[in-house]
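Participant: Have a look at the structure that comes next, please.
The values are calculated or read from the model by the stated rules, or taken from the named source; none is laboratory data. Owing to the predicted nature of the structure, the values given are computational and were not obtained by experimental measurement. Virtual Cβ from ideal backbone geometry, glycine too; neighbours counted across all protein chains shown.
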Amino acid sequence: MLVYKLKTPPITQTHPIIAAQWHPTKNDRTVDSVTKGSTYRAWWLGSCGHKWQSTVLDRTHHESNNFDCPRCYSSKFGPTNHNWKGHGEISARYWNSIKNDAARRGYEFSITIEYAWNLFLKQNKKCTLTGYSLCMLSKPKRTASLDRIDNTRGYTHENVQWLHINLNKMKSIHSQDEFIELCCAVANHKNKTINRIMTDGTAK
């Protein structure tokens, strides 16, 4: 197991109910080595016996509504519920919110909910840029976010992709190439700083 020094209390102290679902054997870190803002993708084990992966941040962001495993949550609020409306795992309510927001901002919207769901499957339910698994269930579980690749254009067949919602917020108004370049610059600078600390003990 890897050992980490924490600057804030671990989730065993801040989110004990969620910490109790930490999978006992499938993680390479211990539950007392992660904090509520960690992006570590952990394995969890629900009292139902189901296993799933999710970042610590996604679990702790809305703790009061985030105790169920995704499979059990879906049976209550997702496509298997007889009152649910939508296509695939995309609810009609979520789809309408995307369409209404596009109309409010004056963007073209020529894709269908069926196309968006097929695209989600084509991406293997993963974020295009990070490879993170995405969840399409209702808030606060949902991590899937429909992104316009070129933010000067609307929601068309060649201009949409599914991203993790946090990444889409960071991408914001940037073009995809510009955003990737910025991410690389941050990562390269961080690596240089870490290497400098390891060699001479200073950070500049």
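Participant: Of the residues Leu163, Leu167, which is modelled with pLDDT under 95, touching a Cys at 6+ places or on another chain (Cβ under 7 Å) and either outside the structural domain of Thr55 (by TED's automatic domain parsing) or under 23 Å from Asn100 (Cα atoms) (or both)? Steps first, please.
Facilitator: On the way: Leu163 fails: modelled with pLDDT under 95.
On inspection, the qualifying residue turns out to be Leu167.
Participant: Just checking, does the stretch 133-155 include any residue being on the phi > 0 side of the Ramachandran plot, outside the structural domain of Ser54 (by TED's automatic domain parsing) and in contact with a Ser or Thr (Cβ under 8 Å, 6 or more places away or on another chain)? Let's see the steps before the verdict.
Facilitator: Residues of the stretch 133-155 that are on the phi > 0 side of the Ramachandran plot, as a first pass: none.
Looking through the stretch 133-155, none of the residues is on the phi > 0 side of the Ramachandran plot, outside the structural domain of Ser54 (by TED's automatic domain parsing) and in contact with a Ser or Thr (Cβ under 8 Å, 6 or more places away or on another chain).
Participant: Scan the stretch 78-99 residue by residue and report those that are modelled with pLDDT under 65 and buried (at least 16 other Cβ atoms within 10 Å of the Cβ).
Facilitator: Passing the criteria: Gly78, Pro79.
Conditions tested, residue by residue: (1) under 27 Å from Cys72 (Cα atoms); (2) modelled with pLDDT of 90 or more.
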{"position": "Lys126", "(1), (2)": "yes, yes"}
{"position": "Gly131", "(1), (2)": "yes, yes"}
{"position": "Lys141", "(1), (2)": "yes, no"}
{"position": "Asp150", "(1), (2)": "no, yes"}
{"position": "Glu158", "(1), (2)": "no, yes"}
{"position": "Ser175", "(1), (2)": "no, no"}
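Participant: Same structure, new question: Looking at the stretch 100-154 only, could you name the residues that are in contact with a helix residue (DSSP H, G or I) (Cβ under 8 Å, 6 or more places away or on another chain), of a type in the set (Val, Ile, Thr) and surrounded by fewer than 17 Cβ atoms within 10 Å (Cβ to Cβ)?
Facilitator: Result: Thr130, Ile149.
Participant: Filter the stretch 109-154 down to the residues that are under 11 Å from the mean Cα position of the chain (by Cα) and of a type in the set (A, V, I, L, M), then identify the one that is farthest from Met170 (Cα to Cα).
Facilitator: Filtering first and then ranking leaves Met136.
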